[in-house]
Amino acid sequence: MKDPINNFKIPDEWVKRAKMPLKELKLLVKSGRFVLLSDGTLQKRGYTTGTTAAAAAKASVLSLRKNVSEVSVPTPIGLRVVLPIVAANGKASAIKDPGDYASDATAGMEIVAEAEEHDKIVIKAGAGIGLKKSVPAINPSPMRQIDEAIKEALAETGLKGACVTISIPEGEKIAKKTLNPQVGITGGVSILGTTGFVEPWNEHLGGMKEELIRQGDRLVLTTGRSGVRFSNMLFPDYTVILIGSDISRGLSAAKEKADVIISGLPGLILKWSYPEILKDSGYLTVQEMIDSSPDNPLIDMALKKATALSGRRIVLINRDGTILRDSGGTL
């Protein structure tokens, strides 16, 4: 059995500890919504602001023809999810579900979408969505997700197009609890999400990862789904462990291990070591910086900080699996 979000092969021992029929467990894990822990219990993933906004956008268009109480939307990872919704007369409201991520600052946040018939698809950012240098803080992946959701609604309703305005009523207030102000995003919350799901990185799930770390000798600690896939290819003699954004805890658990590598896409690693990397840089995300300027000295500065902070080899991987930077030599 594999987790479809991080491609983690779940040990048979964990499956045996789950107190539910195997068929039911497989369905829950396959949905991507649930994570099986080492003691056989389940943690629930939340939904990103991108998934929540996509649901509101689709429902707003559908509600031009009928009232809507739930909606199915695609996620960037390829799985579909169903969210409860309140939608009528072209206006929809969706509530961000944090799952079991206890410290999610956007938990319970309302995202509103308002739709009008149009001759093509137009997506607008309204109040409560953050801006960076007057550009709405909607990342490319969730923007595609929102666009796809609207296309599905148009196909279902028979409409030619729609102008959809997405807003977050409490966005400016909630943004003060996030890192947005530190990276130059003002006036609201970012619309984010590369998988469509939010990992439940709480104390219990951290314990699961620490158990994996204790069992390994040669370790790669990686930050995301792409990191898992590419690290397994690059380091076949190592045990690859997904630690998400909890890099400090992963390093603490591995402090007695002699051979540890931190590997993954650059965003989380560089922002961990240098939280202000994007301040005054002109970029909305680390990935945008890399796409535009792969030789940017800020990348090297953050890598140097990461190496000094961790005392470990750092390997930054591009989205196609090639190596952007390697602090410890060649493969």
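The values are calculated or read from the model by the stated rules, or taken from the named source; none is laboratory data. Worth saying up front: this structure is predicted, and the values here are computed from it rather than measured. Reconstructed Cβ throughout: ideal geometry from the backbone, glycine too, with neighbour counts over all protein chains shown.
Let's see how each residue does on (1) over 16 Å from the mean Cα position of the chain (by Cα); (2) among the basic types (Lys, Arg); (3) not in a loop (DSSP other than H, G, I, E, B):
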residue	(1), (2), (3)
Val220	yes, no, yes
Gly227	no, no, yes
Asn232	yes, no, yes
Val240	yes, no, yes
Arg249	yes, yes, yes
Ser252	yes, no, yes
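In the stretch 138-150, the residues that are at positive phi and in the same structural domain as Arg319 (by TED's automatic domain parsing) form no Cβ pair under 9 Å with any partner that is surrounded by fewer than 20 Cβ atoms within 10 Å (Cβ to Cβ) and not in a helix (DSSP H, G or I), whether six or more places apart or across chains. The helices (runs of 4 or more DSSP H) falling completely within the stretch 1-79 that include 1 or more residues that are assigned by TED's automatic domain parsing to the domain that holds Thr165 and in contact with a Lys or Arg (Cβ under 8 Å, 6 or more places away or on another chain) map to 49-62. Scanning the stretch 64-107 for residues that are touching a Pro at 6+ places or on another chain (Cβ under 9 Å), loosely packed, with under 14 Cβ neighbours inside 10 Å and of a type in the set (A, V, I, L, M, F, W, C) yields one hit, Ala102.
The set of residues in the stretch 297-322 that are farther than 27 Å from Val189 by Cα and either in a loop (DSSP other than H, G, I, E, B) or in contact (Cβ under 8 Å) with a residue 60 or more places away in the chain (or both) comprises Ser310, Gly311, Arg312, Val315, Ile317, Asp320, Gly321, Thr322. Of all residues in the stretch 7-44, those being over 24 Å from the mean Cα position of the chain (by Cα) and crowded, with 19+ Cβ neighbours inside 10 Å number 1.
Across the stretch 138-175, the qualifying residues are those that are among the basic types (Lys, Arg) and farther than 22 Å from Ala105 by Cα, and the one among them that is surrounded by the most Cβ atoms within 10 Å (Cβ to Cβ) is Lys151.
Hey, among the residues in the stretch 68-126 that are closer than 19 Å to Ala175 by Cβ and of a type in the set (Val, Ile, Thr), which one's nearest to the chain's Cα centre (by Cα)? Filtering first and then ranking leaves Thr106. Within the span defined as the stretch 68-76, one or more residues are under 23 Å from Thr223 (Cβ atoms), β-branched (Val, Ile, Thr) and out of contact with any Leu (no Cβ under 7 Å at 6 or more places or on another chain).
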